[in-house]
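S.K.: Dumping the structure here so I can ask a few things about it.
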Amino acid sequence: MSRDFAAIATQYARDVVETRVVACKWVKLACRRHLDDLARAAAGWIYEFNPELEGRITRKLFRPVDRVCRFGEKMPHVKGDWAGRGQLIRLEPWEVFVLASAFGWINRETKRRRFRQVDLIVPRKNAKSTVAAVVGNYMLTADEEFGAEVYSGATSQDQAYEVFRPAFLMARAAPEFRAHYGVLVPAARMPKNMSVLSTNSKFEPVIGKPGDGASPSCGIVDEYHEQKTPELYETLATGMGARSQPILLMITTAGDNIGGPCYMHQQELQKILSGVIVNEQRFGIIYTIDEDDDWTSPEALIKANPNYGVSVDAEFLQAAQAEAIVDASKQNTFKKKHLNKWVNAASPWINVEALQRGGDAGALEDFVGEECFEGLDLASKQDIASDVKLFVREVEGEEHYYVFSRNYLPQAAAQKPENATFATWVNQGHLIQTPGNMIDLKQIAEHLSESAHRHVIVEIAMDSWGSREIAPSLQDEGFVVVDVPMVTKYLSEPMKKIAAMVEGGRFHHDGNPAFVWMFSNVEVFEDRNENIFPRKSKADKKIDAAVATIIAVGRAMLRETRSGKLDDFLAHPLAA
């Protein structure tokens, strides 16, 4: 007897919300959204769930949830023991929920699908490629789209085939499927596409992006975290304009570049799930652990992995967790791949989640008339340069830091294809673009002069490399300029102080994502004397704003160790 897939999806949502199924915050919010939308639909909302529709080609009546899920359960397994036994796929409740949500919500007036964007963010080995392969084959055939174009895209051939290959193998192992829809499956081991001549439809892998003439009815972006630019995703999205109800499916695990397009994409999804922004045409779900969870616990494995004990072996996960517990070098990889937690540096300096929570410094105008320490990192004039203002306040007897950054970028650097994220930040006002191919130091100096009318700049501290060109003019204007050598002696203690204040909720910043990204790129290595120094693993992982902040904090700490008199402070050898 056929299963009631719509009921399974809704029951899963209830089980999650009512804590019968262990789930993280984002899964709970996705399920709560479904239940809330059902209530809105019952009151006559524009969207309805799983109504009876008429096929565009066959003219037969169907319900979308039942059709896509029944289709999925007619596909054979193509990997592992199940494939060896010739078993068909049996969808788990969470998989039913994802497919039912993506395909089951319909515009009451147009009878078209509600969701055009679908995000499935889940740890490795949880069958996301299998779900994507089912979606690809469905959109090629059962969706009844004339001239359907289904693309599985990634940055490399191997990754592009990670979804297309199982879809191809499913089709090859299902003669009834091929016969019913007229699917042509080439005999080649690595075919370039599958096609349906009767509807002039195709399904093919693409590397980089489809051609300009493509009109995707379905785009599948696999492992988005590996992509440095949003070009593939955006090309698929913009190419869908001629389709009445396309689906752009993004499947990924977490990555290690929070300055990349995938992390920004996930951040936007989290705002949708939290109700911060409204987007009624995007569905997404994120399987991970919560911020306060103990990643070493057995419960963490179950919470993050919806197919725990099904497609992902429980013993395998437990062994990987045990290795990570005893070997710190494996912790980030384990958290990223098996708990779906974003990590960045190999040996991170800062708790990025705690840093992000500190983006509550308010407006710079709130600090008019107050003293501040200015930190500048001008080491690179062809890339990012950072200017940081540090204010120190006492709150309920404790010292708090408030940091505001201005980050500059030459126009030539912003226009490089690999710097697409930088261009986005320029448009959003998080990076300040200067003309040409070099940072305009004069523009920075002019801002400092203008800023001095609103804030009391105790001193301007900068790295020794950048100070050579700009320091004399600033000194001529009356600023106290300090040259800070980039050595452990001057940076270790400020770095430790910042890390402690971030963890203690006493480090506040302006929420600039470029600022957070640069902090997250800082790696540390502790020497035999427990000193640390800021490093970056790759040239493209900038840390300028972090260095500027460290310099400013170092000068503020030095003042705290003195009597508090400015004359004594400036007489210290470091002020030379």
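S.K.: Here are some residues: 167, 160, 188. Which one is in contact with a helix residue (DSSP H, G or I) (Cβ under 9 Å, 6 or more places away or on another chain) and either in the same structural domain as residue 229 (by TED's automatic domain parsing) or part of a strand (DSSP E or B) (or both)? Outline the logic, then answer.
M.R.: On the way: 160 fails: in contact with a helix residue (DSSP H, G or I) (Cβ under 9 Å, 6 or more places away or on another chain); 188 fails: in contact with a helix residue (DSSP H, G or I) (Cβ under 9 Å, 6 or more places away or on another chain).
Only one candidate passes the filter, namely 167.
S.K.: Hey, another quick one. Take residue 56 and tell me if it is part of a loop (DSSP other than H, G, I, E, B) and more than 23 Å from residue 2 (Cα to Cα).
M.R.: On the way: part of a loop (DSSP other than H, G, I, E, B): yes; more than 23 Å from residue 2 (Cα to Cα): yes.
Yes: the conditions hold for residue 56.
S.K.: Just for helices (runs of 4 or more DSSP H) wholly inside the range 293-379: which have at least 1 residues that are crowded, with 19+ Cβ neighbours inside 10 Å and in contact with an Asp or Glu (Cβ under 9 Å, 6 or more places away or on another chain)?
M.R.: Working: elements: 298-304, 314-326, 331-338, 352-357.
Filter on the range 293-379 gives 298-304, 331-338.
S.K.: Pairs, please: C-beta under 8 Å, at least 6 apart or cross-chain, first residue closer than 18 Å to residue 135 by Cα and in the range 190-210, second in a strand (DSSP E or B) and of a type in the set (Phe, Trp, Tyr)?
M.R.: Partner pairs satisfying both residue conditions: 193/203; 194/203; 195/203; 203/151; 204/151; 205/151; 206/151.
S.K.: Could I ask something else about it? Is it the case, given these coordinates, that residue 448 is in contact (Cβ under 8 Å) with a residue 40 or more places away in the chain, closer than 19 Å to residue 390 by Cα and assigned to a helix (DSSP H, G or I)?
M.R.: Yes.
S.K.: Give 256, 290 a once-over and let me know the one that is surrounded by 18 or more Cβ atoms within 10 Å (Cβ to Cβ) and part of a loop (DSSP other than H, G, I, E, B).
M.R.: Answer to the selection: 256.
S.K.: Mind checking which residues of the range 1-39 are among the small types (Gly, Ala, Ser) and surrounded by 15 or more Cβ atoms within 10 Å (Cβ to Cβ)? Give the steps one after another, and end with the answer.
M.R.: Kept after step one, since they are among the small types (Gly, Ala, Ser), are these residues of the range 1-39: 2, 6-7, 9, 13, 23, 30, 39.
Selection gives 6, 9, 13, 23, 30.
S.K.: What about residue 256, is it in contact (Cβ under 8 Å) with a residue 60 or more places away in the chain and in contact with a Ser or Thr (Cβ under 8 Å, 6 or more places away or on another chain)?
M.R.: On the way: in contact (Cβ under 8 Å) with a residue 60 or more places away in the chain: yes; in contact with a Ser or Thr (Cβ under 8 Å, 6 or more places away or on another chain): no.
So residue 256 does not fit the description; no.
S.K.: Filter the range 126-168 down to the residues that are without any contact (Cβ under 8 Å) to a residue 40 or more places away in the chain and buried (at least 24 other Cβ atoms within 10 Å of the Cβ) and list them by number.
M.R.: Residues satisfying the conditions are 167, 168.
S.K.: Which one of 482, 516 is part of a strand (DSSP E or B) and either crowded, with 19+ Cβ neighbours inside 10 Å or out of contact with any His (no Cβ under 6 Å at 6 or more places or on another chain) (or both)?
M.R.: So the residue among 482, 516 that is part of a strand (DSSP E or B) and either crowded, with 19+ Cβ neighbours inside 10 Å or out of contact with any His (no Cβ under 6 Å at 6 or more places or on another chain) (or both) is 482.
S.K.: Quick check on this structure: which one of 471, 461, 500 is part of a helix (DSSP H, G or I), surrounded by 13 or more Cβ atoms within 10 Å (Cβ to Cβ) and of a type outside the set (Ser, Thr, Tyr)?
M.R.: 471
S.K.: What are the residues in the range 40-50 that are assigned to a loop (DSSP other than H, G, I, E, B) and exposed (fewer than 15 other Cβ atoms within 10 Å of the Cβ), if any? Quick ask: steps written out before the conclusion?
M.R.: Going residue by residue through the range 40-50, those that are assigned to a loop (DSSP other than H, G, I, E, B) are 43-46, 50.
Once the filter is applied, which keeps residues that are assigned to a loop (DSSP other than H, G, I, E, B) and exposed (fewer than 15 other Cβ atoms within 10 Å of the Cβ), the range 40-50 yields 43, 44, 45, 46.
S.K.: Determine which single condition residue 123 fails, assuming it passes every other condition in (1) of a type outside the set (Ser, Thr, Tyr); (2) surrounded by fewer than 23 Cβ atoms within 10 Å (Cβ to Cβ); (3) more than 17 Å from residue 249 (Cβ to Cβ).
M.R.: (2)
The values are calculated or read from the model by the stated rules, or taken from the named source; none is laboratory data. Computed from a prediction, not measured in an experiment: that's the story for all the values here. No Cβ is skipped: glycine too gets one built from the backbone with ideal geometry, and neighbour counts run over all protein chains shown.
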